[in-house]
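**Student:** Can you keep this structure in mind? I'll have questions shortly.
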Amino acid sequence: MSQRVTSDREALLPFAQLLPADALAAARAKALDRALELGLPTQQAEAWRHTSLLGLAKHHFTLPGAAGALDSAPHFLAEADRLVFLDGLAQPGLTQVGALPAGSQLADLSAAAPEAPALAKDASALAALNLALFQDGATLTVGAGETLPRPVELQFVNALAEGAVTAQPRLQVSLGAKARAVLVEQHRGLGDAPRFLNHQADIELAEGATLTHLIVLAEGAGTTHLAETRVTVARDARYETLVVQLGGQLVRRDLKVALAARGATALVNGAYLLRDREQADLVTEILHAAPDTTSRETLKGALAGESRQEVQACIAMAAGAARADGRLSNKTLLLGDRATIWTKPELRIYHDDVQAAHGATSGKLDEAALFYLRSRGLPLALARRLLIASFLAETLVGFDSLLTEPLQALLDARLTEIQP
Amino acid sequence: MLEIKNLHATVDGKAIIKGLDLTLPDGEVHAIMGPNGSGKSTLSYVLAGRPGYAVTEGQVLLDGEDLLALEPEERAAKGLFLAFQYPVEIPGVANTTFLKEAANAVRVARGQKPYDAMAFVKLLRAKTKELGMQDEMLKRAVNVGFSGGEKKRNEMLQMAVLEPTLAILDETDSGLDIDALKVVADAVNAMRSPKRSFLVITHYQRLLDHIVPDRIHILAGGRIRQSGGKELALELEAKGYAAFVEAA
């Protein structure tokens, strides 16, 4: 089919068969109608020009079976309040949640007995599909003035079993005024079986709250992982996130941050280390909707083999966003002769008195630096690893060593494994 | 012992070294002096194995082994060290990490035990003190934000840690004030030994007041034009390079 249309309704029809017949059936049916009306985005849509979802049609996806299949899951942090999911379903036997401060809660959605979430007017097809099919996910609430005693760790383990499975997890995060939390999501593929993961997350930070949100992805070679995250940052609140992408057939993160009130801040960093024919996309939109809002975005990719990355990063400054300050940098190391980066930084500015800057570069490893290291006895492979690790390290700056130390170990292990 | 026989080398297809012969016995310090464009830096890069520097003819032996057949890291393991004229900045790599990776890479290649972390820190502390370097320079990224003098001291620190048998100093004196020059010279003199030889490449006689060479070679147009004792530097200072280049 080669119609010049920006959405594909047919591609979603097989998913209509999967609608769970539960208490939320009416809301699910309505969401499904919306998804079908919108259709899956095609490459004719501007935001999906370099990313095709046609591969999804090759499989007959089913929803995951009953929970309890996982005996253990590796940890990212030694100490954390932890929920574990297998193909999107919570594994209650592996839940470790200690005492939390007043007004705070961490639970999986099956335990939290969710009401039907409302479908936003501008919801995407993927958001609607998620609402139609979701089975599980996590909800995190932190009471006003409270700081979580431990980081929260969400372990998403995927593709352990054969067969084509789709999971549609939801994440709901709400921090009260001046609350503080550290949230780590780790997504790991344990096999190469086909998976279609469609994550949706909504994050609300009340006045003066701070959320540190680390997302580490190493999906399997048969996994398409799509995620949409919407963040609202209130007055003097701060959202800081680091997305680390270490593989998967197609991983695409779509992040919208609204700096909704004076003094709101967003720090968005991304580190990518890809190989073979992996593709990882990042689509960000940071909306400065109020005066004195600040955003910093530092994205760095190291692309080996024939890997591909699409970055669309938009900073928007609304009328009235006086003294807003936004900066964006996207640098890419092309390690493989056939690796590709498409980068589209974009500024949309509707106020005079603002500062905004963006820059994008791509290139190869610095030959002079490589020779310098080798002349000191470092073997070529080690010299390359060291230079790549140091290139990516800039994205880790400003994050607590509690997070960056295990990250560094993951990056080093990945570098040793792929020998870029 | 380093033996260079009838060496010809090109950079980007352009002939720079044109039939160079040189023998540097163990334990000796030889200086190479020459005007701009004479091939001094090219010689140092060819010896260290920089990609893009092609040898078209001739032979280089280090302790009887064909040096030109080795990768740059293998040359370092074999005992060759090049102090760069322009040390390279490497953002994101801590100087200590770099020094330790380098020292242990050559130690392992030489069949020695790698340093344990504590012993290495102790060694570094002692060496930086000798070189008048701040400990803080070990924590910073390699050469990033270092002054010219600090970069050259850092080269000397690497040399001390890597314990080469052949050290090539490529215009290590350029951009140094007299105090820094003395520090560099002291570092070299402290490392002089019957098992270690130095090839000191310089424009000026000044450095050779502090590192007194056994022999001096004048390089011009890609060849050694004249060799002699340390008095040759004074003659050169008085007459200028032109006399030697024209005489050849």
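The values are calculated or read from the model by the stated rules, or taken from the named source; none is laboratory data. All values derive from a computational prediction rather than experimental measurement. All Cβ positions, glycine included, derive from the backbone under ideal geometry; neighbour counts span all protein chains shown.
**Student:** Which of the residues that make up the range B:48-68 are at the interface with chain A (Cβ under 8 Å from one of its Cβ atoms) and part of a helix (DSSP H, G or I)?
**Tutor:** Selection gives B:A48 alone.
Residue by residue, here is whether (1) at pLDDT below 90; (2) closer than 15 Å to A:H225 by Cα; (3) more than 22 Å from the chain's Cα centre (by Cα) holds:
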residue	(1), (2), (3)
A:L40	no, yes, no
A:W48	no, yes, no
A:S52	no, yes, no
A:L56	no, yes, no
A:H60	no, no, yes
A:D71	yes, no, yes
A:P74	yes, no, no
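**Student:** Now for a separate question. Could you pull out every one of the strands (runs of 3 or more DSSP E) wholly within the range A:312-420 that has 1 or more residues that are in contact (Cβ under 8 Å) with a residue 60 or more places away in the chain?
**Tutor:** Correct list: A:325-334, A:340-349.
**Student:** Give just the number: which of (1) of a type outside the set (S, T, Y); (2) surrounded by 22 or more Cβ atoms within 10 Å (Cβ to Cβ); (3) without any contact (Cβ under 8 Å) to a residue 12 or more places away in the chain does B:I211 not satisfy?
**Tutor:** (3)
**Student:** Still on this structure, I have one more. Tally the residues that are at the interface with chain A (Cβ under 9 Å from one of its Cβ atoms), aliphatic (A, V, I, L, M) and outside any strand (DSSP E or B), restricting the search to the range B:69-107.
**Tutor:** Count: 8.
**Student:** Condition first: buried (at least 20 other Cβ atoms within 10 Å of the Cβ) and more than 8 Å from chain B (Cβ to nearest Cβ). Now tell me which residues in the range A:362-382 satisfy that.
**Tutor:** A:L370 - this is the single residue of the range A:362-382 that is buried (at least 20 other Cβ atoms within 10 Å of the Cβ) and more than 8 Å from chain B (Cβ to nearest Cβ).
**Student:** What strands (runs of 3 or more DSSP E) completely inside the range A:133-230 contain at least 2 residues that are farther than 20 Å from A:L267 by Cβ?
**Tutor:** Working: elements: A:137-142, A:152-158, A:165-167, A:170-175, A:180-189, A:195-205, A:210-218.
By residue number, A:137-142, A:152-158, A:165-167, A:170-175, A:180-189, A:195-205.
**Student:** Does at least one position in the range A:18-25 carry a residue that is part of a helix (DSSP H, G or I) and farther than 25 Å from A:V283 by Cβ?
**Tutor:** Checking the range A:18-25: at least one residue is part of a helix (DSSP H, G or I) and farther than 25 Å from A:V283 by Cβ.
**Student:** Quick check on my filter: what residues within the range A:30-56 are surrounded by 14 or more Cβ atoms within 10 Å (Cβ to Cβ) and among the aliphatic types (A, V, I, L, M)?
**Tutor:** A:A31, A:L32, A:A35, A:L36, A:L38, A:L40, A:A45, A:A47, A:L53, A:L56
**Student:** Have a look at A:A102, A:A128, A:A112, A:A120 and point out the one that is on the phi < 0 side of the Ramachandran plot and under 19 Å from the mean Cα position of the chain (by Cα).
**Tutor:** A:A128
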